[in-house]
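The values are calculated or read from the model by the stated rules, or taken from the named source; none is laboratory data. No experiment lies behind these values; they were computed from the predicted model shown. Positions of Cβ are generated from backbone atoms using ideal geometry, with glycine treated the same way; all protein chains shown enter the neighbour counts.
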Amino acid sequence: MDSRLPNFYKLSLDERLEIVARFAKLSEEEKKSIRSTAALPIEIADRMIENVIGTFEMPLAVATNFLIDGKDYLIPMVIEEPSVVAAASNAAKIAREGGGFFTSYTGSIMIGQVQVAKLRNPIAAKFEILRNKDEIINKANECDPILIKLGGGCRDVEARVIETFAGKMLVVHLLVDVKDAMGANIVNTMCEAVAPFIEKLCGGKVYLRIVSNLAIHRIARAKALFRKDVIGGEEVVEGIMLAYAFALADPFRCATHNKGIMNGISALMIATGNDFRAVEAGAHSYAAIFGYKPLTSYEVDEKGNLIGTIEIPIAAGTIGGATRVNPLAQICLKILGVKSSEELARVAAALGLAQNFAALRALATEGIQRGHMELHARNLAIMAGAKPEEVDKIVEIMVRDRKVRLDYAKELLEKIRK
């Protein structure tokens with residue numbers, strides 16, 4: 001099967017699940033878990049975080065039509081916002097006409113930071129750190145023999161002196177290849193393990209020992225060609241370029257531009273049990289390195305087609321943490337069919353680009369609200385108390401009358417029932 005599923009949204013819940021089950025070769029038990037309202041056992045939840053009193057559900061959907069590096073994907077997404085999944089699926093359908101998405105990834109190196117303060121000679125301390133970096137690396141790698149056996153581990157040590165209102169400080173970076181993990185736990189452990197030795201070398205005092213979420217060595221990139229004739233012609237291409245120019249020049253617009261990218265990426269991170277807050281922090285920090293800028297870029301080729309690209313840090317894993325604890329996260333990874341954290345990062349970048357293109361195209365043409373409003377109207381109809389067989393009729397009238405409000409939904413429901 002490929003990921004092109006025409007009219008997928010028109011099918012019943014059971015029909016959609018059956019198609020996804022065939023695509024991902026899900027077992028009956030896995031299908032049951034997806035449809036269950038208690039897929040995360042309370043006993044497991046109680047061990048994941050503290051003070052547990054229950055679980056909280058959100059919709060799980062799949063984005064269709066994705067062709068990434070020649071491979072078809074159905075992308076699981078957990079999100080509450082209407083139209084996001086539909087927009088990503090439509091953008092992926094358009095991108096297929098230009099060959100799909102093409103991606104790359106720089107690797108799985110995470111940064112651990114050790115802060116050294118109260119230094120009399122910070123420059124000399126930096127020299128000592130770099131002179132003894134082999135011993136620092138060895139001490140760090142003693143923390144996790146299994147990671148070393150898998151080909152990972154601390155690879156290098158960097159040091160820099162920074163100016164702060166509390167005086168000069170030395171910041172030591174451990175560069176750790178975490179392989180298919182997100183890596184925060186092992187990096188934090190390594191930082192704590194080497195801290196006493198660093199303190200001894202420098203003569204200062206170590207304070208913070210923690211991973212950085214600005215994962216500049218885990219950059220995922222994706223590119224797609226959106227054909228002019230498919231997206232609506234020169235006027236639409238021009239509108240998208242003007243929208244991109246707006247985001248490039250104005251941080252108020254850029255914040256929403258980048259938020260739209262993260263709509264898709266964060267939804268995928270949640271579905272796969274990853275720390276979506278860490279990925280979002282890294283993405284926005286990366287966008288702000290040289291003044292807050294868009295994570296995507298757009299150009300027009302000699303034929304007038306639109307070329308979109310994205311460059312974004314993705315610190316996500318396929319092992320460890322909630323990824324291995326939450327049963328639904330495991331099933332979502334199976335649906336996605338990725339074999340490594342690198343493949344997951346590549347897919348995430350493609351999804352982010354698709355999400356951004358869809359938003360810019362909507363803004364440049366019909367406006368963002370048309371797609372939002374129909375789905376928002378469904379939520380309002382349900383909030384008004386409509387039964388499943390009443391929802392579609394109420395939505396149709398609200399959208400037609402351009403009165404998508406809760407009070408109007410209640411008024412229509414009362415009329416229908418009379």
Scanning segment 45-66 for residues that are among the hydrophobic types (A, V, I, L, M, F, W, C) and closer than 30 Å to A354 by Cα gives F56, M58, L60, A61, V62, A63, F66
With the requirement that a residue be assigned to a loop (DSSP other than H, G, I, E, B) and of a type in the set (G, A, S), what does segment 310-344 give you?
A315, A316, G317, G320, G321, G337, S340
If K303 meets every condition in (1) at pLDDT 95 or above; (2) more than 21 Å from N213 (Cβ to Cβ); (3) buried (at least 19 other Cβ atoms within 10 Å of the Cβ) apart from one, which number is that one?
(3)
All helices (runs of 4 or more DSSP H) inside segment 358-418 with 1 or more residues being touching a Pro at 6+ places or on another chain (Cβ under 8 Å) and charged (D, E, K, R):
369-383
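What number of residues in segment 142-167 are buried (at least 17 other Cβ atoms within 10 Å of the Cβ) and part of a strand (DSSP E or B)? It would help to see each step written out before you state the result.
Step one: filter segment 142-167 for residues buried (at least 17 other Cβ atoms within 10 Å of the Cβ), giving 143-144, 147, 152-154, 157, 159.
Filter again for part of a strand (DSSP E or B), leaving 153-154, 157, 159.
Number satisfying all stated conditions: 4.
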Among the residues of segment 220-279 satisfying the criterion of being polar (S, T, N, Q) and not in a helix (DSSP H, G or I), which is farthest from A88 (Cα to Cα)?
N274
From K93, K118, grab the single residue that is among the basic types (K, R) and within 30 Å of N305 (Cβ to Cβ).
K93
Among the residues of segment 112-141 satisfying the criterion of being under 20 Å from N213 (Cα atoms), of a type in the set (A, V, I, L, M, F, W, C) and part of a strand (DSSP E or B), which is nearest to the chain's Cα centre (by Cα)?
V114
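Taking segment 1-23 as the region of interest, how many residues are crowded, with 16+ Cβ neighbours inside 10 Å and of a type in the set (F, W, Y)?
Looking only at segment 1-23, we keep the residues that are crowded, with 16+ Cβ neighbours inside 10 Å, and these are 3, 5, 8, 16-17, 19-21, 23.
When the remaining residues are screened for being of a type in the set (F, W, Y), the result is 8, 23.
Residues meeting the conditions: 2.
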Long-range neighbours under 8 Å by Cβ, at least six apart or interchain, first residue of a type in the set (D, E) within segment 188-211, second outside any helix (DSSP H, G or I)
E192/R209; E199/V116; E199/K205; E199/V206
Is one or more of the residues making up segment 245-260 within 30 Å of I136 (Cβ to Cβ), free of Cβ contacts under 8 Å to residues at least 12 places away in the same chain and not β-branched (V, I, T)?
no
Residue among E342, E374 that alone is farther than 30 Å from S108 by Cα and either in the same structural domain as I289 (by TED's automatic domain parsing) or in contact with a helix residue (DSSP H, G or I) (Cβ under 7 Å, 6 or more places away or on another chain) (or both)
E374
